[in-house]
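First up is the structure itself, then whatever we jot down about it.
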């Protein structure tokens with residue numbers, strides 16, 4: 001056992017055998033030492049528990065502060081399922097916005113750079129480097145007293161070569177969060193799932209922008225003071241085609257149309273989306289000697305179109 005915090009009135013000690021943590025009142029300490037017995041595993045130890053000069057491992061704090069810190073202290077054995085990963089990560093995020101007259105340009109780039117040295121319990125014997133990159137560039141312009149608006153956005157999220165364990169499923173919830181055994185780098189970057197760029201593919205099918213490059217032009221027009229009509233196109237490509245169901249770069253193109261009304265007390269909206277998939281989402285069949293794509297004979301062929309109709313109603317107060 002050894003004391004890991006002391007405030008001059010009480011200190012916490014941890015059992016070397018089972019890691020159970022206890023509070024020890026320093027008034028019980030004697031010049032010749034005191035023996036401490038763990039009630040969990042019956043281990044006994046007296047080393048280090050002597051008076052009048054107990055060891056201080058942290059600056060003394062007032063009793064009130066010590067009582068507050070106690071709420072966050074473990075009072076139970078450390079679970080054996082916890083594994084020291086020897087992991088580190090550096091997460092830079094840069095943002096820039098420029099504007100002049102009726103135009104604006106906004107850019108953001110982020111990365112996760114690091115390493116995980118211990119993954120043996122996950123079946124990976126080697127250390128893994130983390131190199132995840134993401135970026136967005138957005139341009140906007142407006143005319144006719146801001147009633148006519150044009151926008152163009154492009155985004156990038158790096159992908160990883162590890163395939164989903166569910167053949168054909170590209171949703172972020174099923175994508176492997178670790179590289180395949182033997183691979184020394186993991187590079188999948190995913191946007192926040194609340195960052196929506198479309199109605200169908202990234203929002204519903206993929207769950208988030210990941211392993212992708214997309215181009216997104218948009219146009220909207222406000223009329224009759226309270227109405228707006230809008231049109232958006234999103235064309236997407238895979239950053240790592242090998243991780244797509246069809247092992248191809250082109251994922252698909254989507255057209256989203258909208259009509260909305262903004263009144264003083266109510267907000268209404270209608271939306272229609274059409275997603276046309278490309279070769280990257282096709283379920284290719286294996287040949288006579290290689291069924292490596294993992295699709296059954298009932299789950300092969302070209303991907304079909306997807307549509308979405310949406311209606312929104314909100315009261316303002």
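Could you bin all the Cα-Cα distances of region 236-278 into 10 Å bins starting at 0 and give me the percent of pairs in each, rounded to whole numbers?
24, 29, 21, 17, 9, 0
Among 148, 98, 315, which comes first, second and so on when ranked by fewest other beta-carbon atoms within 10 Å?
On the way: 148 14, 98 10, 315 7.
Least to most surrounded, the residues fall as 315, 98, 148.
Can you put 213, 91, 131 in order of Cβ neighbours within 10 angstrom, beginning with the fewest? It would help to have the intermediate numbers written out before the result.
Values: 213 19, 91 10, 131 15.
Lowest to highest Cβ neighbour count: 91, 131, 213.
At residue 219 and residue 148, where each label point lies 7 Å from the Cα along Cα→Cβ, what is the point-to-point distance in nanometres?
The answer from the label model is 1.0 nm.
How far is the Cα center of region 89-115 from the Cα center of region 198-220, in Å?
Answer, in whole Å: 19.
Sort 188, 274 so that the residue with the fewest other Cβ atoms within 10 Å of its own Cβ comes first and the one with the most comes last.
Values: 188 24, 274 15.
Lowest count first: 274, 188.
Each reported figure results from applying straightforward, stated rules to the coordinates on display, with no laboratory input. The structure presented is a predicted model; accordingly, all values stated were derived computationally and were not measured. Cβ coordinates were reconstructed from backbone atoms using ideal geometry, including for glycine residues, and neighbour counts include every protein chain displayed.
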